[in-house]
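Since the structure comes first, as structure tokens, the remarks are kept for the end.
Laboratory data are not the source of any read-out in this text; all were calculated from the coordinates shown. Predicted, not measured: the structure shown is a model, and the values here were computed from it. Positions of Cβ are generated from backbone atoms using ideal geometry, with glycine treated the same way; all protein chains shown enter the neighbour counts.
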Amino acid sequence: MSKEILIKGLQEKGFSQKIIDAFRNVPREDFVPAHWRERAYDDVALEIGNGQTISQPYTIAFMLSLLDLEDELKILEVGSGSGYVLALISDISKNSMIYGVERIKSLYRNSQVVLRNYDVKVFCKSGFGGLKTYAPYDRILVSASADEIPKKLVAQLGDGGVLVCPVGNSIFKIKKTSQGVIKREFPGFAFVPLIDD
């Protein structure tokens, strides 16, 4: 599949212009192993080594749309893998402080190289407990499936903050408000598991 066909498919699914532009601007082929480059724009998940995947573009676009990204936010991605989603977020959310955590050293190292032209910081650690140093966050995205909504990540959201997290085969959107936490569930997805070291 070509990049333009993928973009057209995302447009037909009704994603925002900011999300469409990010998929156009960020070269997915830079974030996949060399042997997958010719399939970089297929709308499928691709293996990136160590049992991990770069998620299907549609799934990424859907999660980014749930995040309600704006400019000038503090954003954390847990399980940043190859760094592709961090690059997309930096394209969508201007003048933001963007952090990623990735527990697998080889993926972390590779992402450091490919993300050198993007304004993001990546740390090599388990994301299970989030990244307390820079909390609270306006947005947190989890790119692996947890067994339940991670309480430590909800605790690191600021007021009005949004957490988007796969749990089992659903994606949950959690919004922290002064009245408490609002949850919405969107079933029908598959992710690699979120692992606690």
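Phi angles of the stretch 169-184 translate, via the Karplus equation with coefficients 6.51, -1.76, 1.60 and θ = phi - 60°, into HN-Hα couplings of 9, 10, 10, 10, 10, 10, 10, 8, 10, 5, 8, x, 9, 9, 10, 10 Hz per residue; Gly and Pro are given as x. 3J(HN,Hα) along the stretch 123-138: 10, 8, 6, 5, x, 4, x, x, 9, 4, 3, 9, 5, x, 10, 7 Hz, from the Karplus curve 6.51 cos²θ - 1.76 cosθ + 1.60 with θ = phi - 60°, whole Hz, x for Gly and Pro.
Across the stretch 4-50, Cα-Cα pairs more than 13 Å apart make up 57 percent of the total. Each peptide in 136-145, 67-76, 6-15 gets a packing score, the mean of other Cβ atoms within 10 Å over its residues, and the list from highest to lowest is 136-145, 67-76, 6-15.
Between Ile20 and Lys3, the modelled labels are 1.6 nm apart [label points 7 Å from Cα along Cα→Cβ]. Each 5 Å bin from 0 upward holds the following percent of the Cα-Cα pairs of the stretch 1-149: 2, 10, 21, 24, 22, 15, 6, 1, 0.
Compute the semi-axes of the equivalent ellipsoid of the stretch 120-190, taking the square root of 5 times each eigenvalue of the Cα gyration tensor, and list them largest first in whole Å.
On the way: eigenvalues 70, 57, 17 Å².
For the stretch 120-190, the ellipsoid semi-axes come out as 19, 17, 9 Å.
Here the calculated FRET efficiency for Glu72 and Gln179, from their Cβ-Cβ distance with R0 = 22 Å, stands at 0.30, rounded to the nearest 0.05.
For the stretch 84-108, the residues whose backbone nitrogen is under 20 Å from a point 7 Å from the Cα of Lys125, taken along Cα to Cβ, are 86, 97-108. For the stretch 75-167, GluC sites (Glu not before Pro) meeting the loop criterion (DSSP other than H, G, I, E, B) and having at most 11 other Cβ atoms within 10 Å: Glu148.
Once the Kirkwood radius over Cα pairs is known for the stretch 11-92, the Stokes-Einstein relation at 20 °C and 1.002 mPa s delivers a diffusion coefficient of 162 µm²/s.
The residue among Tyr58, Ser96, Leu76 whose Cα reaches farthest toward the positive pole of the charge dipole of the stretch 1-119, with charges on the beta-carbon of Lys, Arg, Asp and Glu, is Leu76. Between Lys94 and Thr133, full extension at 0.36 nm per residue minus the direct alpha carbon distance yields a gain of 11.9 nm. Between amide H atoms placed 1.01 Å from N, distances below 5 Å from Gln56 occur with Ala45, all of them 5 or more places distant or on a separate chain.
With viscosity set to 1.567 mPa s and temperature to 4 °C, compute the Stokes-Einstein D of the stretch 80-157, Rh being the Kirkwood radius across alpha carbon pairs; µm²/s, no decimals.
Values: Rh = 12.9 Å.
Estimated diffusion coefficient is 100 µm²/s.
Considering only DSSP beta bridges whose two residues both sit in the stretch 120-197, what percent are antiparallel, to the nearest 5?
In the stretch 120-197, approximately 70 percent of DSSP beta bridges are antiparallel ones.
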